[in-house]
Amino acid sequence: MSPATILETPAWPDSYDGEAKARVGFFTDTSVCIGCKACEVACKEWNQVPEDPHGYTGTSYDNSAQLGANRWRHVAFIEQRVEVDGVSSSAPDSWVQEAQRQQLVEEGVEPHEDEEGFRWLMSSDVCKHCTEAACLDVCPTGSLFRTEYGTVVVQEDICNGCGYCVVACPFGVLDQRKGDGRAWKCTLCYDRLQDDMEPACAQACPTDSIQFGELDELRERAEQRVEKLHDRGIGEARLYGHDTDDGVGGFGAFFLLLDEPETYRLPPDPVATTRHLGENWRAAGVAALALAGAVVASVLGGSR
Amino acid sequence: MSPTESEAGDVRGDVRASTDGDTYVHGASRGEGPHTAQEARTGVGRDRGAKEIPMVPKDRPRTYYDRPVVKSPVWKPEIPWYFFTGGLGGASSGLAYAASLAGNRRLAKRSWFLAFAGVLASPVLLITDLGRPERFFNMLRVFKVTSPMSVGSWILFANSVTVTPAAAGSLLGFPKGLGRRAEPMAALVGLGLSTYTAVLISNTSIPAWSEARRELPLLFASGAAASAGAAATMITPPSYAGPARRLAIAGAAGEIVNSQLMSRRLGDLARAYHEGEAGRLDKISTLLTVAGGALLAGAGRRRAAAVAGGAILLAGAACKRWSTFKAGFASAEDPQQTVGPQRERVEQRKGATAPPV
């Protein structure tokens, strides 16, 4: 299969006839992320996403917490104890937790030295623009749609806030905006794409951790990057969302990670819920028949 | 290879403290033995704050500061009540049509009345739950087979347009011909209405709902039968209420049995149904369902017992829908429920493709 056919989605490029553009996406290389959160800020500014103050999480220096209706890029900080000489510490994961435990919230704890069994991982999370997008499939109004670029976008003039996409997404990306009622998420800067500009987050990223481009080209670039890291002895480097045989047919926005996906709060084996649709409806059919049988049997027993 | 060496190569294989003292166990084959030396070194029950925290000699997959992976539903209390009214109304249509075919006019009339009550209540509940209620009609701008909510919106629409003439024909005598013709259609749509809501919630990324996809429709159908039967038993003279009573008892039995089957299938995920608020509601529901069913079975031919038993059974069915609803929130909030089974699948696939040693 050529890359182009691998990357086909159920609605792209076929439904666009000749007007389909090349499928675009993100390759987020977390090995060079420095956790500056410029992508979060750029996204908010460009897309005029409202503030969502969280206060301090108390678990790490990540205080913006999660993706949601008001955060379409989120940089996770994994501040984590690791094993030294085969011994894993039972201390809390992060220095923030350690400071809290020792009631040193004001002073903080001593910063760590290398080889002290501590690591920092950073990763900028975003909507995956899945090849098989469950959010799009379950949307009852047709508000969520596949664009000519193969991305997944919510049409805000259609969305009636039913909330189905929120629970359908295997990554917890979408959410309903309070006071507004509609569902919001990353549009991969649909407006900028139409003016041949790259998305705001990718443009703002100072280390090129967020790379934007045509998906087939990004995929090649990512494979080369992993090989390079492996050659340098970083064996834990791996691609996430690159495999088109996964439960969502591959991601439009995929990642290079330095540990298992769950470390970054990414599900290790996401499956589009709609893959179970046949099984679901068959079970409902059996249940409806059983109900009909129970009704008939009850009536056949006479009226007393 | 000694157990300690095997631990060294695996970052996820470390010992994690549990704050609840009751930890989700994932990958039961890993764990026990290898951690003993570490426990001695790191101190069991180390003090963190005022609470004693036992070390857990089992492995938990890494999560991001125990924060959820998937989002909790944004659905409000209208939704479990809709599950209840939809089930009650839908199954009432079936009971009404069957009773009318059998010539039990009194039961048929009352059941059509209940089905129509469902028609009045259900859309209101659904519409008020929307983030943008004024855009309800956008539900009817497409028909999407991949969206159980789209299919359900059309089922609810069809339910309204079939039950209304059927109920009017039966209760008011007008429109008689149209009402008669609408009756079988209303009964058929009612079967869909009482079961599709299970598909609605099992077609999500919430583990305790999604993994129960084979049992949830039967559970919801049972609840619908119990509700419709119980409500009709309450308002029908006992000498005509036999079919409703039997349907109520069968539904109650179905709820208990399917609940058990579902828990067995879910394994560890069943905790979402048995702990916290969902667990409390589940216990109350079981008590009410057994008591109401037993009362109807034992003394249901007496009017007072029929009313009491029916009311208890209705309360039990409502609690069951609420318990199921709350379990979805508990499951979504627990990252272990999302990550655990997925990690197991990954490891299984790895095991299947690994070259033999």
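Worth pointing out:
- Evaluating A:V167 against the criteria (1) among the β-branched types (V, I, T); (2) surrounded by fewer than 24 Cβ atoms within 10 Å (Cβ to Cβ); (3) outside any loop (DSSP other than H, G, I, E, B) leaves one unmet condition, (2).
- Qualifying position, being closer than 17 Å to B:A221 by Cα and either modelled with pLDDT of 95 or more or touching a Phe, Trp or Tyr at 6+ places or on another chain (Cβ under 7 Å) (or both), among B:L191, B:L172, B:L178: B:L191
- Taking the listed residues B:S153, B:S202, the one that is free of Cβ contacts under 8 Å to residues at least 60 places away in the same chain, within 25 Å of A:A283 (Cβ to Cβ) and touching a Phe, Trp or Tyr at 6+ places or on another chain (Cβ under 6 Å) is B:S202, with no other qualifying.
- In segment A:124-136, residue nearest to the chain's Cα centre (by Cα) [restricted to those that are closer than 21 Å to A:G68 by Cβ and within 11 Å of chain B (Cβ to nearest Cβ)]: A:D125
- Subset of segment A:161-220 [among the β-branched types (V, I, T) and away from chain B (no Cβ under 14 Å)]: A:T187, A:T207, A:I210
- Qualifying position, being away from every other protein chain (no Cβ under 14 Å), in contact with a Lys or Arg (Cβ under 8 Å, 6 or more places away or on another chain) and assigned to a helix (DSSP H, G or I), among B:S285, B:S263: B:S285
- Counted residues, segment A:157-213 - those being free of Cβ contacts under 8 Å to residues at least 60 places away in the same chain and within 28 Å of A:S31 (Cα to Cα): 5
- Tabulated pairs, segment A:45-73, first farther than 14 Å from A:S124 by Cβ and touching a residue at least 40 places away in the same chain (Cβ under 8 Å), second among the β-branched types (V, I, T) and surrounded by 19 or more Cβ atoms within 10 Å (Cβ to Cβ), C-beta under 8 angstrom, 6+ apart or interchain: A:N47/A:T187; A:G58/A:V96; A:N70/A:V49
- Scanning segment A:170-193 for any residue that is among the β-branched types (V, I, T) and over 15 Å from the mean Cα position of the chain (by Cα) turns up nothing.
- When B:L126, B:L120 are screened for being surrounded by fewer than 24 Cβ atoms within 10 Å (Cβ to Cβ) and either closer than 13 Å to B:L193 by Cβ or touching a strand residue (DSSP E or B) at 6+ places or on another chain (Cβ under 8 Å) (or both), only B:L126 passes.
- Residue match in segment B:208-229 (condition: at pLDDT 95 or above, basic (K, R) and in a helix (DSSP H, G or I)): no
- Hey, B:R105 of a type in the set (K, R) and modelled with pLDDT of 95 or more or not: yes
- Options B:V307, B:V257, B:V290: the member that is of a type in the set (V, I, T), surrounded by fewer than 22 Cβ atoms within 10 Å (Cβ to Cβ) and touching a residue at least 60 places away in the same chain (Cβ under 8 Å): B:V307
- Count of segment A:268-285 residues which are more than 7 Å from chain B (Cβ to nearest Cβ) and assigned to a helix (DSSP H, G or I): 4
- Residues considered: A:L277, A:L257, A:L239. Of these, the only one that is out of contact with any strand residue (DSSP E or B) (no Cβ under 7 Å at 6 or more places or on another chain) and either without any contact (Cβ under 8 Å) to a residue 40 or more places away in the chain or surrounded by 21 or more Cβ atoms within 10 Å (Cβ to Cβ) (or both) is A:L277.
The values are calculated or read from the model by the stated rules, or taken from the named source; none is laboratory data. None of these values were measured; they are calculated from a predicted model. Backbone-built Cβ (ideal geometry, glycine too); neighbour counts: all protein chains shown.
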